[in-house]
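Here is the structure we will look at, set down as structure tokens.
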Amino acid sequence: MFHADTYTGTREENYGLVLKQLQALIADEPNQIANLANASALLNQFLQDINWVGFYLTEGTQLVLGPFQGLPACVRIPFGRGVCGTAAATKETQLVPDVHLFPGHIACDAASNSEIVVPIVKNGEVIGVLDIDSPLKNRFDELDQQYLEKLVDILLQAM
């Protein structure tokens, strides 16, 4: 059973706790959708000042909406389009301080002002992305990127 912890440490300590919680949540569970659903719920509970967190999964040359927390979202995003599609096309994390300045940004939620998207790459192929939006500009930084990439690595071990 999951118990929400109070995150009272440093950001690094708190992220470390979240990574341990994720490992416990997905241990011995082979179902990808269940694991992604729990991961999005965990991040939604942990992260402050966000308005959407979830996953898009690869289907051909586009991303299709997967498990998430937040308002209804765009269902399909072509590779190379918007922040998510760019992360999928480049296989690189996109850390965007102001989405309104990002060429081709797709506004699924008008309240979003910053975004981080981490590609999920298995055997050299993008199988999806982790997408997190915030109503604040400059919400995400390199520390978020570092730990969210570690979180994706943990998820990949179960995929």
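Numerical summary
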read-out	value
Unmatched cysteines, the chain - criterion: no other Cβ of a Cys under 4.7 angstrom	C84
Most mobile listed residue (E13, E92, E149) in the chain, GNM with C-alpha springs under 10 Å	E13
Distant-in-sequence amide H partners of Q62 (H built 1.01 Å from N, under 5 Å)	F79
Residues with amide H under 5 Å from that of G128, placed H, sequence gap 5 or more	T58, I120
Qualifying trypsin sites (Lys or Arg not before Pro) for the range 1-103 [loop in DSSP, other Cβ within 10 Å: at most 13]	K91
Virtual spin-label span in nm between T61 and T10, 7 Å along Cα→Cβ	4.6 nm
Once the Cα gyration tensor of the range 35-116 is diagonalised, semi-axes √(5λ) in Å	19, 16, 11
Cross-link reach list, lysines versus K122, counting only Cα pairs under 27 Å and skipping chain neighbours closer than eight places	K20, K91, K150
The range 20-35 - phi-based ³J(HN,Hα) in whole Hz, Karplus 6.51/-1.76/1.60, Gly and Pro as x	5, 5, 4, 4, 5, 5, 9, 4, 6, 10, x, 7, 4, 5, 4, 5
Where the range 69-125 is the region considered: accessible area per residue in Å², 1.4 Å probe	49 Å²
Estimated vicinal HN-Hα couplings, Hz - the range 78-83 in sequence order (Karplus 6.51, -1.76, 1.60; Gly, Pro = x)	x, 3, x, 10, x, 5
Computed label-point distance, nm, for sites D109 and L19 using a 7 Å Cα→Cβ extension	2.6 nm
Accessible surface of the chain, 1.4 Å probe, proportion on carbon and sulfur as whole %	51 percent
Modelled FRET efficiency - R0 25 Å, N123 with R76, Cβ distances, 0.05 increments	0.60
Equivalent ellipsoid semi-axes, the range 1-143, via Cα gyration tensor eigenvalues times 5, rooted, Å	24, 19, 13
Fully extended contour minus Cα-Cα distance, from I33 to L156, at 0.36 nm per residue	43.0 nm
Using θ = phi - 60° and Karplus 6.51 cos²θ - 1.76 cosθ + 1.60, couplings along the range 8-17 (whole Hz; Gly, Pro as x)	10, x, 5, 4, 5, 5, 5, 4, x, 5
Mean ellipticity per residue at 222 nm, deg cm²/dmol - from DSSP H runs of n ≥ 4 across the chain, formula -39500 (n - 2.57)	-11500 deg cm²/dmol
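The values are calculated or read from the model by the stated rules, or taken from the named source; none is laboratory data. The structure presented is a predicted model; accordingly, all values stated were derived computationally and were not measured. Note that each Cβ is placed from the backbone with ideal geometry, even for glycine, and that neighbours are counted across all protein chains shown. These area figures cover heavy atoms from the full protein model, side chains too; ligands, DNA and RNA do not enter into them. Shrake-Rupley method; radii C 1.70, N 1.55, O 1.52, S 1.80 Å.
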